[in-house]
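These notes concern the structure reproduced below.
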Amino acid sequence: MNETIQVLMNRKSVRVFENKEITPEIKDVILAAAMRAPTGGNCMPYSIIDVTDQSIKDKLAETCDHQPFITQAKMVLIFCADYHRWYRKFKMAGCEDIPAPELSNMVLATEDAVIAAHTACIAAESLGIGSCYIGDIVENFEIHKELLNLPPQVAPL
């Protein structure tokens, strides 16, 4: 079995973390890998929030179905479907008549964000860092949108 398949086969959700820092260099590698994930039309209609504020981690632990391991995680990334990013690109290009988002746009943004999240998890696994997806971020969408001060048309996934 090759090394890539081995990493994929070894990956599992981890909810107990070592008290070991993740260096800025390693964090950069994980984020760079996520940003190299495939994306429709190379639009990257997603954003990644690196949560470093302990009070926000504490709040996420409560609002994400009382999962205390979130408070102890050395790296918390929130992947967002971000149609607002697409909108800003059109504005920067000088377009005035920007179409309103359609369901298909948000579905594509969601798919691309999930692909980037999975790429980040596999990159972390390849570096010996465990990870866990937190699906509960979507269940309290409105609370998390406000907690993270997200603009319209951005959805935490």
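The values are calculated or read from the model by the stated rules, or taken from the named source; none is laboratory data. Note that the structure is a prediction, hence the values are computed from the model and not measured. Here Cβ is always computed from backbone atoms with ideal geometry, including for glycine, and neighbour counts include all displayed protein chains.
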Search result, residues across the stretch 81-109 that are crowded, with 20+ Cβ neighbours inside 10 Å, within 15 Å of the chain's Cα centre (by Cα) and of a type outside the set (A, V, I, L, M, F, W, C): 82, 83
The residue that is modelled with the highest pLDDT, considering only those in the stretch 41-80 that are small (Gly, Ala, Ser) and loosely packed, with under 15 Cβ neighbours inside 10 Å, is 55
Can you report the number of residues in the stretch 120-152 which are touching a residue at least 60 places away in the same chain (Cβ under 8 Å) and closer than 27 Å to residue 19 by Cα? 19
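Within the stretch 129-146, count every residue that is in a helix (DSSP H, G or I) and either touching a Ser or Thr at 6+ places or on another chain (Cβ under 7 Å) or among the acidic types (Asp, Glu) (or both).
6
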Just give me the residues in the stretch 72-119 being touching a residue at least 40 places away in the same chain (Cβ under 8 Å), aliphatic (A, V, I, L, M) and not in a helix (DSSP H, G or I), in sequence order. 73, 75, 77, 78, 81
